[in-house]
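Reading through the structure tokens given below for one structure.
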Amino acid sequence: MEQNKTTEATKNVSQWSGRWKLLAVVFVCAAPMLFSYLTYYVIKPTGRTNYGTLIEPQKHPIPAAMGATTLDGKPIALDAYKGKWIMLQVGPGECAQACRDQLVAMRQLRLMQGKEMERIERVWLITDATPIDTMLIRVVDGTRMLRVPAASVTSWLPVEPGGNITDHTYLIDPMGHLMMRFPKNPDPSKVKKDMYKVLKASAIG
């Protein structure tokens with residue numbers, strides 16, 4: 001009888017030991033992501049400066065139903081790119097010079113990140129049915145071009161006071177939260193520094 005109790009106690013200790021080891025492994029694997037999230041969204045160290053405006057992520061997740069489609073009309077969700085950092089631009093299909101400059105700037109900013117550039121996707125949300133200039137598609141090759149109803153993005157993306165949604169480039173984190181908004185006519189070198197800091201500090205994406 002005593003031997004059975006001892007065997008049962010040993011078995012219970014072994015089970016608990018195994019569970020703690022499993023929890024320890026899970027924690028070690030998740031720690032970098034948790035720390036990155038905590039660093040950017042909870043801890044706000046004194047003296048930390050950003051060129052872009054930080055946005056409260058819980059208030060601005062990617063909308064569940066945006067009605068987005070690819071240029072050839074296939075339904076797609078923006079969160080199809082979750083897992084990477086997304087540089088986002090919004091505007092009509094008749095892309096004026098300022099719009100083109102923004103798209104080219106996103107391409108250049110991604111290239112400036114060197115080996116880290118594979119962690120970044122570029123997305124242009126097009127708010128109408130205007131055909132896209134073929135030459136522009138070639139110039140910004142690699143940019144994900146999606147058509148969305150204008151109302152879907154204007155109700156989601158915050159703008160500067162008196163500004164327009166087309167003025168800004170936005171940054172979305174790999175978990176699908178809107179994280180940062182860059183100003184109109186941004187300084188590329190300052191945007192580059194923000195991007196560098198984000199990618200260096202984060203273990204996600």
Practice task
Can you work out which of the residues in the stretch 48-63 that are touching a strand residue (DSSP E or B) at 6+ places or on another chain (Cβ under 7 Å) and either in a strand (DSSP E or B) or without any contact (Cβ under 8 Å) to a residue 24 or more places away in the chain (or both) is farthest from residue 199 (Cα to Cα)?
Solution key: 61
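Return the total of residues in the stretch 135-163 being among the polar types (S, T, N, Q), surrounded by fewer than 17 Cβ atoms within 10 Å (Cβ to Cβ) and in contact with a strand residue (DSSP E or B) (Cβ under 9 Å, 6 or more places away or on another chain).
1
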Fill in the blank from the handout: Residue hits (the stretch 64-104; assigned to a helix (DSSP H, G or I) and either in contact with a Gly (Cβ under 7 Å, 6 or more places away or on another chain) or surrounded by fewer than 19 Cβ atoms within 10 Å (Cβ to Cβ) (or both)) are 79, 80, 97, 98, 99, 100, 101, 104
Exercise for the section: Quick one: count up the residues across the stretch 105-121 that are in contact with a Gly (Cβ under 9 Å, 6 or more places away or on another chain) and either in a helix (DSSP H, G or I) or exposed (fewer than 12 other Cβ atoms within 10 Å of the Cβ) (or both). Expected result: 3
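Are any residues in the stretch 122-134 charged (D, E, K, R) and either buried (at least 17 other Cβ atoms within 10 Å of the Cβ) or not assigned by TED's automatic domain parsing to the domain that holds residue 98 (or both), and if so, which ones?
Residues of the stretch 122-134 charged (D, E, K, R): 122, 128, 133.
Across the stretch 122-134, the qualifying residue is only 122.
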Handout entry: Matching residues, the stretch 41-74, being modelled with pLDDT of 90 or more and of a type in the set (Gly, Ala, Ser)
Key = 52, 67, 68, 73
Practice task
List the number of the failed condition for residue 105; all other conditions in (1) touching a strand residue (DSSP E or B) at 6+ places or on another chain (Cβ under 6 Å); (2) in contact (Cβ under 8 Å) with a residue 40 or more places away in the chain hold.
Solution key: (1)
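The values are calculated or read from the model by the stated rules, or taken from the named source; none is laboratory data. Note that this is a predicted model, so its numbers are computed, not measured. Every residue, glycine among them, receives a Cβ derived from its backbone with ideal geometry; neighbour counts consider all protein chains shown.
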